[in-house]
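Have a look at this one.
The values are calculated or read from the model by the stated rules, or taken from the named source; none is laboratory data. Quantities reported herein were computed from a predicted structural model and do not represent experimental measurements. FYI the Cβ positions are ideal-geometry reconstructions off the backbone, even for glycines, and counts take in every protein chain you see. Just the protein is used for accessible areas: all its heavy atoms, side chains included, with ligands, DNA and RNA removed. Shrake-Rupley method; radii C 1.70, N 1.55, O 1.52, S 1.80 Å.
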Amino acid sequence: MSKENQYQPETNAVRIQTARTNEMEHSTPLFLTSSFCFDNAEEMRATFADETDFNIYSRFSNPNVDEFVQKMCALEGAEAGYATASGMSAIFASFMALLKAGDHLLSARSIFGSTHTVITKFLPKWGIESSYFDLNDPAGIEAMIKPNTRMIFVETPSNPGLEIIDIALLAEIANKHNIILNVDNCFATPVLQRPIEAGAHIVTHSATKWIDGQGRVLGGAIVGKKELIKEIYTFCRSTGPAMSPFNAWVLSKSLETLHVRMERHSDSALKLAQALESNPHLTSVKYPFLTSHPQYEIARKQMSGGGGIVCFELKGGLQSGVRFLNALKLLSLTANLGDSRSIASHPASTTHAKLSDAEKATVGITPGLIRISVGLENINDILADIEQALNSSQG
């Protein structure tokens, strides 16, 4: 039995560690080096011939990066993984390494704005087709599969609308048609949701968000089936979206507290969502573990917690949204989420601004939509700041 299989995920997140050096350090040191040395010419030849697993160059592998990847694989229950410089480089690599000219990508329509740009602006340059399906209409997905469909891509919960789809249902469709199921698990993290257990073939992450948890560094991760990760590694080794050793060191330490943090984020977010449901300045509140969520039953089936994002719709649209953001005193206005500090954002004018008005409407991004990333502050302080800003938003 491997060491990873002996313990629970939260224990693995703390205890998986690079082998100690002769200094006998308790915390993994930083390996800030671009390259690695060999004892002799034969050892160097054998390593370049892939006859050993020694490190060569930090664009290929690095002890700090390897430790982070091992932890992510253990948390997700994956066979192998690769870490990248950012979440978007992870998603791009998962597309480019596994798709070719003439292939068709079937993606959920409700996705992050930059992912939408990659799919609609850049993939066509390499002859890769794409179609969007509606997360709220899972029954219609199979009919959209073409003979050349190679991958299904989905975010669940989606950014920012918190739409959810049954991963096991998607996996059944993907396996029936011999298609790769690629799940972006950024919002839930492996603490709250394990797509591979539900049948996903690869899982992508922006480690910049909840995995880091303090808004410090960029990072991405791709984990999944060994044969697919091998293709991704080959692509990334030559194209260079490598995670820096320093960022990997930070992210590996962050994973040690991920379970504790996600429990707190989820608990506070649920309390916030429940408190806001009766607020007279809102037309709707959306959170996966609210019974009013359209996919509440699916969320309860495949997630152990609702996550740290709460969305609501302000009465008064765009102008109310502007007044609300400007009235906040505690919450930050910044282009991030998953931080220890609570964050408010207006997706229509920021993260999803490049979508047309019609595209925004299709995925539920309305002028008055506000996304709250619930931090680790006292929930009473978070709620008080949001309520006073809501009162100001109505002029």
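GNM, the chain, Cα, under 10 Å: largest mean-square fluctuation among PHE246, PHE187, PHE289?
Maximum among the listed residues: PHE246.
Output the peptides 293-306, 368-381 sorted from most to least packed, where packing is the average of other Cβ atoms within 10 Å over each peptide's residues.
Descending packing order for the listed peptides: 368-381, 293-306.
If each residue of separation counts as 0.36 nm, what is the full-extension length gain between PHE60 and THR334 once their alpha-carbon separation is subtracted?
Here the answer is 95.4 nm.
How big is the antiparallel share of DSSP beta bridges in the chain, given as a percent to the nearest 5?
Around 55 percent antiparallel, to the nearest 5.
Which percent of Cα pairs goes in each bin when the distances of the chain are cut into 10 angstrom slices starting at zero?
Reading upward from the zero bin: 5, 23, 32, 24, 12, 3, 1, 0.
Now a separate question. From the helices alone, meaning DSSP H stretches of at least four residues, give me the mean residue ellipticity at 222 nm for the chain, per-run term -39500 (n - 2.57), in deg cm²/dmol to the nearest 500.
My calculation for the chain gives -10500 deg cm²/dmol from helical runs alone.
Considering only protein heavy atoms, what is the solvent-accessible area of GLU256 at a probe of 1.4 Å, reported in Å² to the nearest 10?
Roughly 60 Å² of GLU256 is accessible to a 1.4 Å probe.
Under 20 Å from the 7 Å Cα→Cβ point of GLN8, by amide nitrogen: which residues of region 230-272?
Hits in region 230-272 for GLN8 at 20 Å: 254-268.
If packing is taken as the mean number of other Cβ atoms within 10 Å per residue, what is the order of 18-25, 238-245, 201-208, highest first?
201-208, 238-245, 18-25
Antiparallel versus total DSSP beta bridges in region 163-243: what percent is that, nearest 5?
60
In whole percent, and with a 1.4 Å probe on the protein chains, what portion of the accessible area of the chain is carbon and sulfur?
Roughly 52 percent of what the probe reaches on the chain is carbon or sulfur.
Now for a separate question. When the chain is treated as a GNM, springs tying every alpha-carbon pair under 10 Å, which of ASP137, ASP39, ASP357 comes out with the largest mean-square fluctuation?
Among ASP137, ASP39, ASP357, the largest GNM mean-square fluctuation belongs to ASP39.
Find how much the distance from ASN279 to ASP50 grows on full extension, using 0.36 nm per residue of separation minus their present alpha carbon separation; answer in nm with one decimal.
76.3 nm
Given a 10 angstrom Cα cut-off, can you work out which residue in PRO195, PRO147, PRO124 is the most mobile in a GNM of the chain?
PRO147
Work out the length of the dipole vector of the chain about its Cα centre, built from +1 on the beta-carbon of each Lys and Arg and -1 on the beta-carbon of each Asp and Glu, and round it to the nearest 20 debye.
760
Rolling a 1.4 angstrom probe over the protein heavy atoms, how many square angstrom per residue are accessible across the chain?
For the chain, the per-residue accessible area is 43 Å².
Which value, in Å² rounded to 10, gives the accessible area of THR283 with a 1.4 Å probe and all protein chains present?
The accessible area comes out at roughly 90 Å².
Same structure again: Within the P(r) computed for region 309-370, what percentage of the Cα pairs occupies the region above 14 Å?
Every Cα pair in region 309-370 considered, those over 14 Å come to 56 percent.
Kindly state, as a whole number, the per residue volume in cubic angstrom of the convex hull around the alpha carbon atoms of region 150-235.
Residue-normalised Cα hull volume stands at 102 Å³.
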